[in-house]
Amino acid sequence: RLVREFVAQNNTSQIKHVIQILSQEFALSQHPHSRKGGLIGLAACSIALGKDSGLYLKELIEPVLTCFNDADSRLRYYACEALYNIVKVARGSVLPHFNVLFDGLSKLAADPDPNVKSGSELLDRLLKDIVTESNQFDLVGFIPLLRERIYSNNQYARQFIISWILVLESVPDINLLDYLPEILDGLFQILGDNSKEIRKMCEVALGEFLKEIKKNPSSVKFAEMANILVIHCQAADDLIQLTAMCWMREFIQLAGRVMLPYSSGILTAVLPCLSYDDRKKNIKEVANVCNQSLMKLVIPEDDEMDEAKQSMTLPAEPTSEESLSKPEAASSGESLLVRANKRCELEVTALSQPFSCPCSSERIQVTLNLDGIVQVLDCHLHDTSIGMMTRIAVLKWLYHLYIKTPRKMFRHTDSLFPILLRTLSDESDEVILKDLEVLAEIASSPAGQTEGQGPSDGSDVRPGPVELHVPARAGQLSNSGMKGLECSPSTPTMNSYFYKFMINLLKRFSSERKLLETRGAFIIRQLCLLLNAENIFHSMADILLREEDLKFASTMVHTLNTILLTSSELFQLRNQLKDLKTPESRNLFCCLYRSWCHNPVTTVSLCFLTQNYKHAYDLIQKFGDLEVTVDFLTEVDKLVQLIECPIFTYLRLQLLDVKNNPYLIKALYGLLMLLPQSSAFQLLSHRLQCVPNPELMQTADNIKSSTGLKRTAASNIDYTELLQHFEKVQNKHLEARHQRAGRAEQLDRRVVL
């Protein structure tokens, strides 16, 4: 009654005096009953003031909020009731004081007393109604408080925060999307709450935000939220990880190349998910879409040598005039950075890169952070614990980058080369296939061409008399880069890494004999499909010619010979060697022959393949001087089996022409004489019994035939020199065997002693 009289008299000083007395002497009194009375009195004042209560809200609200912290739950309840009455009367006038009201309510939301909590919920609903009705809500002033409180660990406080975010999101006049980067990290943390209800509420809130992002991508600050998603895509909680991954998928598809500066961080998060099992099938599928979408953003223009940032037009995105101050921005990002360092083994390099959102009339500059991407890919290849699908994805990325940005990628080739070679020992055939595709691209890309050819790893290998053909595509290489090279028009471009690759591949086979036994043929056959088979055999033969480990050289030659004779991938190369009509084919034969001499039986098989039957007969004559071992006889046995295969159909048909192929028959009889009485002996013996008119096997000086004409075409081959080379190599092998036997004998003596 007293306040109403003062209002009628417009006596503001007396009104303030009454409020002051109620506040200081009662509401803030030490006596609990006085505090209760003061709260009731302040509420009564507000009711009496009516529409004028807005003029005194600060004086009315502050003492009530102080009582929110009272130890007596009854007093806290009275405070809720008093504030409810004050707010109900003032309505929209309380909005300038919204932050302090929100702060007080957020504390009461976690109050242990159910009555206090119930009272705070009534006040909360009233305040939400006021905010929803009003168009004067100060969102800019509220965001710092929301950003601070969203990191609360209390379930009730989290529920309170989420409920307010949902309300603000539903108000058309309030654009909370502009400030989403400020609260997104906190939302994802709340998504991991133990309460199913809170998780569901948070999931709904994030879903609403994502819907709005899809509707209005031009107003979204994608770059400011990219690293937040990167961190939560690596969360241990499945719901957080799946939700963050879904957001990342939409961001990549909506923002496009704006996401490129964050590629290294995205790959750090996405790649491990590709190896998830069926228990995390949803996350795996979304991660795969993210990976594919991100890969498509890399374009050939990213390979510009001048490192200039390419420009591209993006959808309109208005710049915000209501930006946060730098100290506030730093504080909001501090916890994010700390967690990023804990969760990510590799630094998300794009975190420190500023990004401004331009209008549609402007053009933004986006640069591919290739160094960061390669670092992430290299790290995953070195990690032996990662799954097969992740390794395949990493290799696909490397192949894609070598195709789209070859010049920039070749700066990293020296560092990537060792791990790519080690990956050839992977357990999975699919991984090896992808690895070979990358290595083949490295070995054949014009961007990898450097001045001079041959080995670039500092080894002692030097090109021999028979050099590897390394031709260049027109216009790709300078004249200085082609010095000393013979170019074959029939073979594709091979760069300076090709020879290095061949050297290191043979070194790997030498150090890992199991790899050679189990995967050697598979690897070489696939390389013959991906690269030029002639170049592969030419270079390997040239390298093996200088191999110091003679036992390995013999084994490797045997492997290459088996591939040459039996693989469908080498059909064209076999046809090329069969006739020796061209200088290139004769050149290749001589190169192969010199290395094939490490294995006598393979040398004979090469002569059979190239129809050098007289030389094959001469070689077999030399076998009497060699040490005949079980391994030697086993290889002769295998050669006999090969003669019965489709590869040598032409050779078997030539047995019908005894007159013109006497040395072929003599060579086969020579093999027969080498063999013990075995199944192979019986097989070859039966074959030779089918030869017609054996009395015509005598050599005639005037033999002239089509075969003779073929040999005339290859008359510039010095077979005497080749035979001498064969004897020289076999002597080396004999000495090496004697040395090994001597060392074994000494070791046995030591053991006995």
Report, to one decimal in Å, the Kirkwood hydrodynamic radius for the stretch 1-93 based on all distinct Cα pairs. 12.9 Å
Per residue, in Å², the accessible surface of the stretch 370-448 once ligands and nucleic acids are set aside, probe 1.4 Å: 35 Å²
Considering only Cα-Cα distances, which of the following residue pairs are longer than 27 Å: Lys214/Lys408; Lys408/Lys434; Lys296/Lys507; Lys514/Lys638? Lys214/Lys408; Lys296/Lys507
Dipole magnitude (debye, nearest 20) for the stretch 1-160, charges at Cβ of Lys, Arg, Asp, Glu: 140 debye
Net charge dipole size for the stretch 370-448 [Lys, Arg +1 and Asp, Glu -1 on Cβ; Debye, nearest 20]: 380 debye
Sticking with the crude label model, points 7 Å out along Cα→Cβ, report the distance from Lys281 to Asn716 in nm, one decimal please. 6.6 nm
When all C-alpha to C-alpha distances in the stretch 487-606 are sorted into bins of 5 Å, what percent of pairs does each bin hold, rounded to whole numbers? 2, 11, 23, 27, 23, 11, 3, 0
Using r as the Cβ-Cβ distance of Glu203 and His382, and R0 as 35 Å, what FRET efficiency do you calculate, to the nearest 0.05? 0.45
On each of the three principal axes the extent of the alpha-carbon atoms of the stretch 370-448, given in whole Å and largest first, is 31, 24, 19
Student exercise, the stretch 160-254 dipole from Lys, Arg, Asp, Glu Cβ charges, in Debye to nearest 20: 260 debye
Quick check: residue separation of Ser195 and Ala110 times 0.36 nm, minus the Cα distance between them. What number comes out in nm? 29.2 nm
With R₀ set to 60 angstrom, the calculated FRET efficiency between the beta-carbons of Thr566 and Asp103, to the nearest 0.05, is 0.15
Where a ≥ b ≥ c are root eigenvalues of the Cα gyration tensor, a/c under 1.5 meaning rounded, otherwise prolate if a/b exceeds b/c and oblate otherwise, the stretch 582-649 counts as oblate
Two-site FRET efficiency, Lys659 against Asp579, from Cβ-Cβ distance with R₀ of 22 Å, rounded to 0.05: 0.60
Give me a comma-separated list of calculated 3J(HN,Hα) values for the stretch 673-683, in order, Karplus coefficients 6.51, -1.76, 1.60 applied at θ = phi - 60°, integers in Hz, x for any Gly or Pro. 5, 6, 7, x, 6, 9, 4, 5, 4, 4, 5
Where does the charge balance sit around Asn575 when Lys and Arg score +1, Asp and Glu -1, over other residues with C-beta under 12 Å from its C-beta? +1
Stretched out fully, how many nm does the piece from Asn153 to Tyr650 gain, at 0.36 nm a residue minus the Cα gap? 170.7 nm
The stretch 382-399 scanned against label point 7 Å out from Leu433 along Cα→C-beta; backbone N under 14 Å for 389, 392-393, 396
Need the list of lysines near Lys88 for cross-linking: C-alpha distance under 18 angstrom, and skip anything on the same chain fewer than eight residues off. Lys51, Lys58, Lys128
Near the amide H of Val366, under 5 Å away, which other amide H atoms are found, from residues 5 or more places off or on another chain, if H is placed in the peptide plane? Gln310, Met312
Using a 7 Å offset from the Cα along the Cα-to-Cβ direction at both Glu25 and Glu627, what is the distance between the two label points in nm, to one decimal? 12.0 nm
Give, as a single signed number, the net charge of other residues whose beta carbon lies under 9 Å from the beta carbon of Glu727, with Lys and Arg counted +1 and Asp and Glu -1. +1
Toward the positive end of the charge dipole of the stretch 1-136, about the Cα centre and with charges on Cβ (Lys, Arg +1; Asp, Glu -1), which of Phe102, Tyr77, Phe6 goes farthest? Phe6
Answer rounded, prolate or oblate for the stretch 96-191, using the Cα gyration tensor with square roots of eigenvalues a ≥ b ≥ c: rounded when a/c is under 1.5, else prolate when a/b is larger than b/c, else oblate. oblate
What is the packing order of peptides 515-527, 156-168, 590-602, taking the mean over residues of other C-beta atoms within 10 Å and listing the highest first? 590-602, 156-168, 515-527
Mind jotting down the three principal axis lengths of the stretch 389-428 based on Cα atoms? Whole angstrom, largest first. 31, 19, 11
Calculated diffusion of the stretch 81-135, Stokes-Einstein form, Kirkwood radius summed over Cα pairs, 25 °C and 0.890 mPa s, µm²/s: 217 µm²/s
Under the Karplus relation 6.51 cos²θ - 1.76 cosθ + 1.60, θ = phi - 60°, what is the ordered set of whole-Hz ³J(HN,Hα) values for the stretch 574-590, x standing for Gly and Pro? 4, 4, 5, 7, 5, 10, 6, 7, 9, x, 5, 5, 5, 4, 5, 4, 4
Given the peptides 38-44, 252-258, arrange them by the average over their residues of other C-beta atoms within 10 Å, most packed first. 38-44, 252-258
Probe radius 1.4 Å, ligands and nucleic acids ignored: give me the carbon and sulfur share of the accessible area of the stretch 1-136 as a rounded percent. 49 percent
What full-extension length gain, to one decimal in nm, is calculated for Lys58 and Ser118 as 0.36 nm per residue of separation minus the Cα-Cα distance? 19.1 nm
Tabulate in residue order the Karplus-calculated ³J(HN,Hα) for the stretch 14-29, using 6.51 cos²θ - 1.76 cosθ + 1.60 with θ = phi - 60°, rounded to whole Hz; enter x for Gly and Pro. 5, 4, 4, 5, 4, 5, 5, 5, 4, 6, 6, 8, 10, 4, 9, 6
Charge sum, other residues only, whose C-beta stays under 11 Å from Phe648's C-beta, Lys/Arg counted +1 and Asp/Glu -1: +3
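The values are calculated or read from the model by the stated rules, or taken from the named source; none is laboratory data. Quick caveat, the model's predicted, so the values are computed rather than measured. Cβ coordinates were reconstructed from backbone atoms using ideal geometry, including for glycine residues, and neighbour counts include every protein chain displayed. Areas reflect the complete protein model, heavy atoms only, side chains present, ligands, DNA and RNA absent. Shrake-Rupley method; radii C 1.70, N 1.55, O 1.52, S 1.80 Å.
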